[in-house]
Amino acid sequence: MGTSASSLAGSLTAGEREQIQRANVSGLQPVVFVHGLWLLAGSWQRWAEAFEEAGYIALTPGWPGDPATAAEANAHPDAMAGQTVGQVADHLSTVISQLERKPALIGHSFGGLLAQLLAGRGQSHVTVAIDPAPFRGVLSLPLSALKASWPVLGSLSNRRRAVGLTYEQFRFAFANAVPDEEAQALFAEFAVPAPGAPLFQAATANLNPWTQAQVDTLNQERGPLLIISGQMDNTVPWTVANAAYRQQLLNPGHTEIVEIPGRGHSLVIDRGWREVADAALAFVRRYAAPDAFDSAYLDYVDTPVHEDEDRRVTVS
């Protein structure tokens, strides 16, 4: 017998229940932000504020067991050990099921994988996946991605652990495209240990037909999808993001991919976050406009874009 909806709803934190109630009372179009490994939900704070300024209502749920702050997470890393892709997806699915309106989903890294997984369940109105972790069917494995994941994948025992990054590892995996001073500040503010299991699940997804790291790319209820790729990302290089895009093109829904020049994996938290947020917002607004809200946000209708023979799009 499956777990009841009421018991799943009972697994939500008080903060998540408050966000759901706030969204439902507002009547506005909800946008759910999903974080990835080595970050927490608080990393979306500026994005949430920007989207609410544009007329949406933002939710930033965590993963099951996430501490509230980076300081708490670094002091108690075991709180996050053992989380799997399936467990996190089911937790986020429960959040979405409590909303009165189908949300837009925006996810980064493993959050981008989770956003696509949930969209494949028909739970998203419109989806933006930023530097998304690979799912089953994405075959590309560049050396830089392997190196970025090696702090976890280098030991099988890490599957059941929460693993933190050293500054040097964070610099390579996240902050390679920003100055050292900014990289140090990002590491101090945002970096937390991450569960090892999801990385092992993604790494073995193409060997396991029953993997939790798989996306239903054919579901006609998926909705529109934008994949955003940072040009200098070591963790999820263009070849990985583009391979996910190629898989998603099988869906009848509208699918796009955009490359942001000069940006690494930290593109959602570094000083250039607003450029990425505006690109995501422009896409969301095309398919889920805020209700009766005349936003002062930058209108991307006349923003020049460029597409090469590989269908790689860049924004000027």
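Look at (1) in contact with a Leu (Cβ under 8 Å, 6 or more places away or on another chain); (2) part of a loop (DSSP other than H, G, I, E, B); (3) under 16 Å from residue 89 (Cα atoms) and you find that residue 233 fails only one, number (3).
The condition of being closer than 22 Å to residue 66 by Cβ and charged (D, E, K, R) holds for only one of 161, 222, 171, that being 161.
Return the residues of the stretch 164-176 that are touching a residue at least 60 places away in the same chain (Cβ under 8 Å) and either farther than 15 Å from residue 145 by Cα or open to solvent by less than 30 Å² (accessible area, probe 1.4 Å) (or both); say none if nothing qualifies. Explain how you work it out, then say what you get.
Of all residues in the stretch 164-176, those touching a residue at least 60 places away in the same chain (Cβ under 8 Å) come to 164-165, 170, 172-176.
Across the stretch 164-176, the qualifying residues are 164, 165, 170, 173, 174, 175.
Do we find that residue 236 is open to solvent by less than 20 Å² (accessible area, probe 1.4 Å), modelled with pLDDT of 95 or more and over 15 Å from the mean Cα position of the chain (by Cα) in this structure? No; evaluated as a whole, the condition is false for this residue.
Please state which one of 245, 287, 300 is aromatic (Phe, Trp, Tyr) and modelled with pLDDT under 95.
Working: 245 fails: modelled with pLDDT under 95; 287 fails: modelled with pLDDT under 95.
On inspection, the qualifying residue turns out to be 300.
Only a single item in (1) part of a loop (DSSP other than H, G, I, E, B); (2) open to solvent by 10 Å² or more (accessible area, probe 1.4 Å) is not met by residue 213, and it is number (2). Cβ-Cβ contacts under 6 Å between residues 6 or more apart (or on different chains), taken from a first residue in the stretch 1-30 that is more than 14 Å from residue 63 (Cα to Cα) to a second residue that is modelled with pLDDT of 95 or more and surrounded by fewer than 16 Cβ atoms within 10 Å (Cβ to Cβ), are listed as 24/100.
With the requirement that a residue be open to solvent by 10 Å² or more (accessible area, probe 1.4 Å) and in contact (Cβ under 8 Å) with a residue 40 or more places away in the chain, what does the stretch 279-289 give you?
Looking only at the stretch 279-289, we keep the residues that are open to solvent by 10 Å² or more (accessible area, probe 1.4 Å), and these are 279, 282, 285-287, 289.
Within the stretch 279-289, 279, 285, 286, 287, 289 meet the criteria.
Taking the criterion of being of a type in the set (A, V, I, L, M, F, W, C), open to solvent by less than 30 Å² (accessible area, probe 1.4 Å) and either part of a loop (DSSP other than H, G, I, E, B) or modelled with pLDDT under 95 (or both), the residues of the stretch 74-125 that qualify are 80, 99. Against the list (1) buried (at least 22 other Cβ atoms within 10 Å of the Cβ); (2) in contact (Cβ under 8 Å) with a residue 60 or more places away in the chain; (3) within 15 Å of residue 113 (Cα to Cα), the condition residue 257 fails is (2).
The values are calculated or read from the model by the stated rules, or taken from the named source; none is laboratory data. None of these values were measured; they are calculated from a predicted model. Counting neighbours? That spans all protein chains shown, and the Cβs are built from the backbone with ideal geometry, glycine included. Only protein heavy atoms, including side chains, enter the accessible area calculation; ligands, DNA and RNA are left aside. Shrake-Rupley method; radii C 1.70, N 1.55, O 1.52, S 1.80 Å.
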